[in-house]
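Asks: Here you go, one structure.
Derivation of every value follows stated rules applied to the coordinates shown; laboratory data play no part. Just so it is clear, the model here is predicted, and its values are computed rather than measured. Here Cβ is always computed from backbone atoms with ideal geometry, including for glycine, and neighbour counts include all displayed protein chains.
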Amino acid sequence: MNSFTNNKNILAWIDKVVALTSPKNIVWIDGSTKQINELTQEACDTNEIMPLNQEKLPNCYYHRTRQDDVARMEDRTFICTREEIDAGPTNNWMSPAKAHSLGRSIFKDCMKDRTMYIIPYCMGPIGSPFAKVGIEVTDSIYVVLNMNIMTRIGKQVLNMLGAESNDFVKGLHSKCELDKEKRYIFHFPEDNAIWSCNSAYGGNVLLGKKCFALRIASYLGRKESWMAEHMLILGIENPQGEVKYVAAAFPSACGKTNLAMLIPPEIYAQKGYKVWTVGDDIAWIRVGHDGRLYAVNPESGFFGVAPGTGRNSNANAVDATSKDTIFTNVALNLDDNTVWWEGLGAPPTKNMLDWKGNPWDYETATEKAAHPNSRFTSPAKNCPCISPEWESPSGVPLSAIIFGGRRAKTAPLVYEARDWNHGVFVGSSMASETTAAAAGQVGVVRRDPMAMLPFCGYNMADYFKHWIDMGAKIDKLPKIFNVNWFRTDENGKFIWPGYGENFRILDWIIKRCEDKVDAKELAIGYVPNADDINMEGLSLSKEALEDLLSIDKDLWIEESRGIEEFYAKFDGRIPEELTKELEKLKNNLK
Ligand code: OXD
Ligand code: MN
């Protein structure tokens, strides 16, 4: 008899995992503070984590990964559907039979000298109709402690499932030998299962996040008529106290966490405008009873990139990390046992260790002190601008969906899609450029539809079709926009100041949603009249703004060819609604 659950599906699955991995001990994670404290102590005793200055950074800990295990490994990430076509041309595919046999050979007896931790977790607020359950089996205390921040864990989750349900994602993780040649992240969407081995880096091993909440959930969303998206969610409060919510998708390195926690410019703040964070990375979206789209953040913490997060760029994130946080691969300040990274805004000291644990001196250093992908894991509730609605079981209603990328020349600062299908086209053709060193040069374009390229758990052409089909189910469609904070001048310098000033564009977007401003129709959609962007307190000329809102037809003709080439990869599977939109764009550009 197991005192944690009598769910026979869970127990049968755990029996199989135990038979495969042969753990020395088994610990069920009940989620109690007592248990978390004991595990924290144990991880400190074995140096898996290290306590930081408990006065300056209460309940904060430090962790280093292996030097070859510092990021998500896209080439080691597989979608294991029975048919290859169901994974599509943008995913790595392996047959479930081959993945099972390879995985079993790697997992065989891998925990024989280790403790197995069984973590029941819930993505989404407990009791919310959006919520879904996962169980992660792992041999890493670091994973347990991170999952405790990023998700809702413990006995309450088992209670949600009851005795009969089989509706949970079965996740198996082992560090194994951390051998990068045997590192795999296998997803079995048809079996609701994930296997991850030989890594201890967050994105590969916190199975609730990218693996479940995006890859498996996107597959479930299509089956069950909802959407799992790589989107932040934020609320914009006006001086009358009304809050409008938007969700926004950006590829990595486009400032998603910064936008989610934006501080409005002084001229807006004085009038009483506020921004509230609901989520910074993932949105689960459903049609509500009133025919609008509603979004929840399935996570309960932020797994944010540390470098570049500073007092000037994102004070709210820095505050969120001031307690209860696990820092991974940042630099250590030995003077006071605190953390440091490039872009924090505080000067480095002479007494520091870099992320590898080597002494680091800013005067002589040739390498960065913090790994560029070093991270903080912080509870969302610690964020000063966390929305009062962030755990609302019914989610927040979306007024707008925003797509964005990093484009030096092509995309204007903001434009609005003509309708839902056109908006899906805009999302499906999203792209970001690698920044070119030489002035004026345009970088290499990487298509990253809806910022989901590495996260879609099935054929992306079918994913686009799902977006089109969802449109028909929504009575009150949100408007869809595209933004680009990254247009550059002839010297390669950003024209738009970005950060908090992006609020001015959010303001226009909300006004469009409320039918309060006109716009100009161009070949690509609606752009603002320059006079409708509030420029008070900003030293950017009207000409520069007009330039940011204009498009270069030749570049767009080239862009349409790029989209055509991308669509061609899908061998005729792209929905005709989107190929029609492409034709429309080409005609408009003639
Ligand atoms: C992330 C990512 O870690 O998108 O959020 O890579
Ligand atoms: Mn992300």
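Asks: For I474 and D336 in one chain, what is 0.36 nm times their gap in residues minus the Cα-Cα distance, to one decimal in nm?
Replies: Length gained, I474 through D336: 44.2 nm.
Asks: For the stretch 133-197, build the charge dipole from Cβ charges (+1 Lys, Arg; -1 Asp, Glu) around the Cα centre, then report which of V133, M147, W195 sits farthest towards its positive end.
Replies: M147
Asks: Explain nothing, just the number: dipole magnitude of the chain about its Cα centre with +1 on each Lys and Arg Cβ and -1 on each Asp and Glu Cβ, in debye rounded to the nearest 20.
Replies: Details: 67 positive and 77 negative charges, 208 e Å.
Around 1000 debye, computed over the chain.
Asks: In which sequence would R446, R375 go, from the one with the fewest C-beta neighbours within 10 Å to the one with the most? Numbers along the way, then the final one.
Replies: Numbers: R446 14, R375 28.
Ascending number of Cβ neighbours within 10 Å: R446, R375.
Asks: Among M116, L234, A71, whose Cα lies farthest out toward the positive end of the dipole of the chain, if unit charges sit on the beta carbon of Lys, Arg (+1) and Asp, Glu (-1)?
Replies: Sorting the options by dipole projection puts first M116.
Asks: While we're here: Shape verdict for the stretch 53-171, please, from the Cα gyration tensor: rounded (a/c under 1.5), prolate (a/b greater than b/c) or oblate.
Replies: It comes out oblate by the Cα gyration axes.
Asks: Residue separation times 0.36 nm, minus the C-alpha to C-alpha distance between D361 and Q270: what's the value?
Replies: Details: separation 91, 0.36 × 91 = 32.76 nm, distance 4.21 nm.
Fully extending the segment from D361 to Q270 adds 28.5 nm.
Asks: Could you tell me which chymotrypsin sites (Phe, Trp or Tyr not before Pro) in the stretch 318-410 are loop residues by DSSP with no more than 14 other beta carbons within 10 angstrom of their beta carbon? Walk me through the intermediate numbers first.
Replies: On the way: sites: F327, W340, W341, W355, W360, Y362, F376, W390, F403; in loops: W341, W355, Y362, W390.
Here the chymotrypsin sites (Phe, Trp or Tyr not before Pro) that fit, given the DSSP loop and packing criteria, are Y362.
Asks: Taking every Cα atom in the stretch 1-104, find the radius of gyration and the maximum pairwise distance Dmax, and write them in Å.
Replies: According to the Cα coordinates of the stretch 1-104, Rg and Dmax are 19.6, 55 Å.
Asks: Students often forget the sequence filter, so: which aspartates and glutamates lie under 15 Å Cα-Cα from K155 once same-chain residues fewer than 8 apart are removed?
Replies: Partners found: D30, E136.
Asks: Rg (Å, one decimal) plus Dmax (Å, integer) for the alpha carbons of the stretch 379-499?
Replies: 17.0, 49
Asks: Let me ask you something else. Collect residues whose amide H, placed 1.01 Å from N in the peptide plane, falls under 5 Å from the amide H of T151; neighbours closer than 5 in sequence don't count.
Replies: Result for T151 returns S300.
Asks: Counting pairs on different chains as well as pairs 8 or more places apart, how many Lys pairs in the stretch 1-123 have Cα atoms under 26 Å apart?
Replies: Eligible lysine pairs with Cα atoms under 26 Å apart amount to 14.
Asks: If you consider only alpha-carbon coordinates, what radius of gyration and Dmax does the chain have, in Å?
Replies: Both quantities, over Cα of the chain: 23.8, 74 Å.
Asks: Contour minus end-to-end for E565 and L11, with contour as 0.36 nm per residue of separation and end-to-end as the Cα-Cα distance?
Replies: Working: separation 554, 0.36 × 554 = 199.44 nm, distance 4.87 nm.
Result for the pair: 194.6 nm of gain on full extension.
Asks: Still on this structure: What spacing in nm lies between the two simple spin-label points modelled at V517 and R311, each 7 Å away from Cα in the Cβ direction?
Replies: Taking the simple label geometry, V517 and R311 are separated by 3.3 nm.
Asks: Okay, moving on. Quick check for the stretch 386-513: number of Lys pairs with alpha-carbon distance under 19 Å, counting only pairs 8 or more apart or on different chains?
Replies: Taking the Cα cut-off of 19 Å, the pair count is 5.
Asks: Residues with beta-carbon under 11 Å from that of N351, excluding N351: net charge, scoring Lys, Arg +1 and Asp, Glu -1?
Replies: -2
Asks: Contact order normalised by length for the chain, with contacts defined as Cα pairs under 8 Å and 6 or more residues apart; what percent is it?
Replies: Values: 1269 pairs, mean separation 82.9, N = 590.
Relative contact order of the chain: 14 percent.
Asks: Quick check: Cα centre of the stretch 140-190 to Cα centre of the stretch 299-321, how many Å?
Replies: Between the Cα centres of the stretch 140-190 and the stretch 299-321 lies a distance of 25 Å.
Asks: A further question on this structure: Can you compute the charge dipole magnitude of the stretch 1-133 about its Cα centre, using +1 on each Lys and Arg Cβ and -1 on each Asp and Glu Cβ, nothing else charged? Give it in debye, rounded to the nearest 20.
Replies: Values: 16 positive and 16 negative charges, 61 e Å.
Once rounded to the nearest 20, the dipole reads 300 debye.
Asks: So, one more: Which distance in Å, rounded to a whole number, links the C-alpha centroids of the stretch 483-530 and the stretch 15-75?
Replies: Cα centroid of the stretch 483-530 versus Cα centroid of the stretch 15-75: 44 Å apart.
Asks: Nearest 20 debye, what's the magnitude of the dipole of the stretch 260-374 about its Cα centre given +1 on Lys and Arg Cβ and -1 on Asp and Glu Cβ?
Replies: Its charge dipole is roughly 420 debye.
Asks: Which whole-angstrom value gives the distance between the alpha carbon centres of the stretch 353-405 and the stretch 191-256?
Replies: Their Cα centres are 15 Å away from one another.
Asks: Could I ask something else about it? Per 5 Å bin, what percent of the C-alpha pairs of the stretch 202-306 does each bin hold, from zero upward?
Replies: Calculated P(r), rounded to whole percents: 2, 12, 19, 22, 18, 13, 7, 4, 2, 0.
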